Structures are given as C-alpha cells and as structure tokens.
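I have placed the structure first, in the form of structure tokens, so that the comments after it can refer back to it.
The values are calculated or read from the model by the stated rules, or taken from the named source; none is laboratory data. Just so it is clear, the structure is predicted and the values come from calculations on it, not from any experiment. Don't worry about glycine lacking a Cβ; one is built from the backbone with ideal geometry, like all the others, and counts go over all protein chains shown. For the accessible areas, the whole protein counts, side chains as well, though only heavy atoms, and no ligand, DNA or RNA atoms are used. Shrake-Rupley method; radii C 1.70, N 1.55, O 1.52, S 1.80 Å.
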Amino acid sequence: MQVVFDRPTILMCPPDFYGIEYEINPWMSRGRQSDRDRSAAQWRDLYELVVSLGVAVRLMEPVQGLPDLVFTANAGLVCRETVYLSRFRHAARQGETPLDNDWFERAGFQTVETPPEWDFEGAGDALFCGETLFGGYIIRSDAGAMQWIAAQIGCRVIPVQLVDEHFYHLDTCFCPLSATEALYYPPAFDDYGRRALEGNVPELVAVDADEAARFACNAVVVGRHVVLNTGCPNLEDSLRARGYTPHATPLDEFIKAGGSAKCLTLRLDGEDAAVWPQA
Ligand code: ARG
C-alpha cells in the first residue's frame, strides 16, 4: 500500500478518556484534574481550527486507561512511508505503542520499532528543521535512539540535551517554522545544545519565560499559519513581524498534562519545515 497525501494531514485522537491519572512530568498533578467538558471543547476547537486551515485530520480511536493517547505527537516520527515508533520511558504510556502500530499499519505505513536499548518519544523529541533532525534527549528519549533513527533515515542529526523538567520534550521548547527558522526557549537547553541550535538554525526566535510556560513553543505550523495556546502575545507579535499568522486557541486543560497544540497533533505528510533526504 502507498501513503499518498493531497494536502497537509494531521493525526489526532479525541480526548474521551483524557485525564490526569498519573504524574510523569512536573505539570501533572492528580490533585488538579482536567475538566471533561472543557477539554472536549478545547480539543474540538483545535480540530476545527486546523481543518479551517486546509488540513485533513485523521483520527485515532481513544482508549480507556490511556489518558495520554490524545498526545499523538508521541506516537512516533514519520518520514515518508515509514514511522519510527516510540518506546516510552514511562510504563504508564507504553500501552499506547501497540495501538499506534496498528493505526499506522492500517493506514499503509511501514512501522519500525526503536531498538529495546533506547527510549524514544517520537515527534515530541525529534523534529526536522531543514535537512537536520534535532533530537531532544535525556529526560524522555535517549541520544542513541536519535543516532540510530537518523542513520536509518540517512540524515544529519543534532542531539540536544534538555535540562529543565518542565520542558521535558523538545517540542515544548523548540519549534521549527520553516527550513531556516525556529522558535526556541533558550533556558531549556544546556550551553552546548543552545550553541548547536544557534549555529545550525539560521533564524532563531527566542520565546520569553512566561510564554514558554504557556507552551508557546508547542505550536502547530501549517504553511504561514501558526496555531498555539492563548496568552502568548509577544510571540504572536514576533510571528506577525515574520509574515506568519498566529491563531490562538485555549488549551489550558491539556497543559495540566504537560501538553498543548503541537503535542495533540502528528503531521503525517511531513512538517513544512522538514526537508527529507532523497528517497
Ligand atoms: N502527559 C504527557 C507526557 O508526559 C504529555 C505529552 C505531551 N506531548 C508532547 N509531545 N510534548 O508524556
């Protein structure tokens, strides 16, 4: 089977069984539950917003007992017809991978497992900016997994260490906008990682601490449109100044689990910022 996309295509999973059932990052507290109706409404608004931008949304079936399945960014890293499946660090999320595997197989993708010696959390930690794969490691994914996947793909990889547990996935502190531009939150990286980003992404836009804590970097980019949580006016201004149109939509129910717009989506046809090696 061939996977063919005629427009930007995103995988999402409705939040029917979403909730804060365990604590695997500093945003999560079982004492601060998400509200069912509000999370359903926020997810629906995000869905409608991306559809209004011309995106085709494919859906995964929600499953009781897997509250974080809504965060489809963590299903794996897609490169053409292949998906490199996640191997989650925490047992609480490991039940997601067989379901992700089934979904991708049924959709016509070739699925590849991460070798068992490494953890890897998919597009949450592995993001292309141009021809380079940037890989966030140590908190959830291992640098070895990044090297291994890049070798399979045949691309350059730059592993960057994450140093703040609040920004535990690369997509919480780094967001490629195009092949040459990205948003980042500098304090989430060590000196080496920061320099690696600064030396390899021609135009970096720094996000401030308040907006980073509102998951400003966890944005969905579709062409010149950027979908993000509300409450990030400074970033919205910088985006407009660069010719992008920001679309803010409330996602605070998902921030209670440590996620926002980007985590709730997985681009299946390749991010706009990605330049994949010749097949
Ligand atoms: N509660 C989830 C976790 O800690 C949130 C995942 C957010 N996903 C992301 N791509 N940053 O794993």
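Residue pairs whose Cβ atoms lie under 6 Å apart, sitting 6 or more positions apart in sequence or on different chains, and linking a residue in region 31-51 that is open to solvent by less than 100 Å² (accessible area, probe 1.4 Å) to a partner that is of a type in the set (Phe, Trp, Tyr), are Ser39/Tyr18. Checking each residue in region 187-237 for being surrounded by fewer than 17 Cβ atoms within 10 Å (Cβ to Cβ) and part of a helix (DSSP H, G or I) picks out Pro187, Asp191, Tyr192, Arg195, Glu198, Gly199, Asn200, Ala209, Asp210, Pro233, Asn234, Asp237. When Val55, Val63, Val51 are checked against the criterion of being of a type in the set (Val, Ile, Thr) and touching a helix residue (DSSP H, G or I) at 6+ places or on another chain (Cβ under 8 Å), a single residue qualifies: Val63. The condition (being of a type outside the set (Gly, Ala, Ser), in a helix (DSSP H, G or I) and more than 30 Å from Gln152 (Cα to Cα)) is satisfied by just one residue among Leu69, Leu49: Leu49.
Results for (1) part of a helix (DSSP H, G or I); (2) touching a Leu at 6+ places or on another chain (Cβ under 6 Å); (3) farther than 24 Å from Arg214 by Cβ; (4) within 12 Å of the ligand (Cβ to nearest atom), shown as yes or no for each residue.
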position	(1), (2), (3), (4)
Glu117	no, no, yes, no
Phe128	no, no, yes, no
Leu133	no, no, yes, no
Ser141	no, no, no, yes
Val157	no, yes, yes, no
Val160	no, no, no, no
His166	yes, no, no, yes
Asp171	yes, no, no, yes
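Criterion first (of a type in the set (A, V, I, L, M), in contact with a Pro (Cβ under 9 Å, 6 or more places away or on another chain) and either under 25 Å from Ile153 (Cα atoms) or surrounded by 14 or more Cβ atoms within 10 Å (Cβ to Cβ) (or both)) does Ala56 satisfy it? Judged against the criteria, Ala56 is a match. Looking at Leu49, Leu11, Leu59, just one residue is among the aliphatic types (A, V, I, L, M), under 30 Å from Gly223 (Cβ atoms), away from the ligand (no atom under 11 Å from the Cβ) and touching a Cys at 6+ places or on another chain (Cβ under 7 Å), and that residue is Leu59.
Rundown of residues vs (1) away from the ligand (no atom under 16 Å from the Cβ); (2) β-branched (Val, Ile, Thr); (3) over 15 Å from the mean Cα position of the chain (by Cα), yes/no style:
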site: Phe109; (1), (2), (3): yes, no, yes
site: Glu121; (1), (2), (3): no, no, no
site: Asp125; (1), (2), (3): no, no, no
site: Ala188; (1), (2), (3): no, no, yes
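Every residue, every condition in (1) more than 13 Å from the ligand (Cβ to nearest atom); (2) among the charged types (D, E, K, R); (3) open to solvent by 30 Å² or more (accessible area, probe 1.4 Å), yes or no:
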{"position": "Ser29", "(1), (2), (3)": "no, no, yes"}
{"position": "Val63", "(1), (2), (3)": "yes, no, yes"}
{"position": "Phe71", "(1), (2), (3)": "no, no, no"}
{"position": "Leu85", "(1), (2), (3)": "yes, no, no"}
